[in-house]
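Here the structure comes first, spelled out in structure tokens, and everything after it is commentary.
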Amino acid sequence: MKKAKSVLVIDDEDSVLAAMKDLLESKGYAVLEANNGVTGLKLLTEKAVDGVVLDLNMPRMDGYMFMEHLRNRWATEGMGRPFPKVLVLTAVDKNTDLGLARNLGATNFMNKPFKSSEFIEAVKKLVQS
């Protein structure tokens, strides 16, 4: 029996976080969840995941800071595993800098609100690439 792909979902909106978790689990993914970047980083140091779904606009530590800290941690500590692939899920506005997000390690982007089928397809590509 093959191991379920694991995904860390980070979003500060509880309803969005719950919806993504339920959707992913219904498709057989193992899901870790965090409602901010600080908790997300802590989880990544404790567990390996196949991919990260990340909101950009969050209080305390936004998605850009999360990716910068993540990249720095991998560069300095090695972590003993590949750098996780990141799907940025965000409500794009004039303050969103997708080029910066890509430079910090984002693999792909998806806008909120999203269609369930498109979200699942994006995660599938994320964890298989």
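List pairs: first in region 28-42 and without any contact (Cβ under 8 Å) to a residue 24 or more places away in the chain, second part of a loop (DSSP other than H, G, I, E, B) and of a type in the set (D, E, K, R), Cβ under 8 Å, 6+ apart or cross-chain?
Note: pairs meeting the criteria are 38/60.
Matching residues to (1) in contact with a strand residue (DSSP E or B) (Cβ under 8 Å, 6 or more places away or on another chain); (2) farther than 21 Å from residue 126 by Cα; (3) of a type in the set (D, E, K, R); (4) at pLDDT below 95:
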| position | (1), (2), (3), (4) |
| --- | --- |
| 24 | yes, no, no, no |
| 33 | yes, no, yes, no |
| 54 | yes, no, no, no |
| 69 | no, no, no, yes |
| 72 | no, yes, no, yes |
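Of all residues being touching a residue at least 60 places away in the same chain (Cβ under 8 Å) and not small (Gly, Ala, Ser) in region 43-79, which is surrounded by the fewest Cβ atoms within 10 Å (Cβ to Cβ)? Just the residue, please. If you could, list the steps in order and put the result at the bottom.
Quick first cut of region 43-79, residues touching a residue at least 60 places away in the same chain (Cβ under 8 Å) only: 50-51, 53.
From what's left, not small (Gly, Ala, Ser): 50, 53.
Working: 50: 20, 53: 25.
The qualifying residue surrounded by the fewest Cβ atoms within 10 Å (Cβ to Cβ) is 50.
Could you please let me know if residue 91 is more than 22 Å from residue 124 (Cβ to Cβ), free of Cβ contacts under 8 Å to residues at least 12 places away in the same chain and either surrounded by 18 or more Cβ atoms within 10 Å (Cβ to Cβ) or aliphatic (A, V, I, L, M) (or both)? Step through it out loud before you land on a result.
Details: more than 22 Å from residue 124 (Cβ to Cβ): yes; free of Cβ contacts under 8 Å to residues at least 12 places away in the same chain: no; either surrounded by 18 or more Cβ atoms within 10 Å (Cβ to Cβ) or aliphatic (A, V, I, L, M) (or both): yes.
So residue 91 fails the test.
Counting only residues that are over 12 Å from the mean Cα position of the chain (by Cα) and under 17 Å from residue 115 (Cβ atoms), which one in region 1-20 is surrounded by the fewest Cβ atoms within 10 Å (Cβ to Cβ)?
Per the stated criteria, the residue is 15.
Please verify whether residue 101 is in contact with a strand residue (DSSP E or B) (Cβ under 8 Å, 6 or more places away or on another chain), small (Gly, Ala, Ser) and loosely packed, with under 15 Cβ neighbours inside 10 Å, treating the condition exactly as stated.
Working: in contact with a strand residue (DSSP E or B) (Cβ under 8 Å, 6 or more places away or on another chain): yes; small (Gly, Ala, Ser): yes; loosely packed, with under 15 Cβ neighbours inside 10 Å: no.
In short, no.
The values are calculated or read from the model by the stated rules, or taken from the named source; none is laboratory data. From a predicted model like this one, the values you see are computed outputs, not experimental measurements. In this analysis, Cβ positions are derived from the backbone assuming ideal geometry, glycine residues included, and neighbour counts consider all displayed protein chains.
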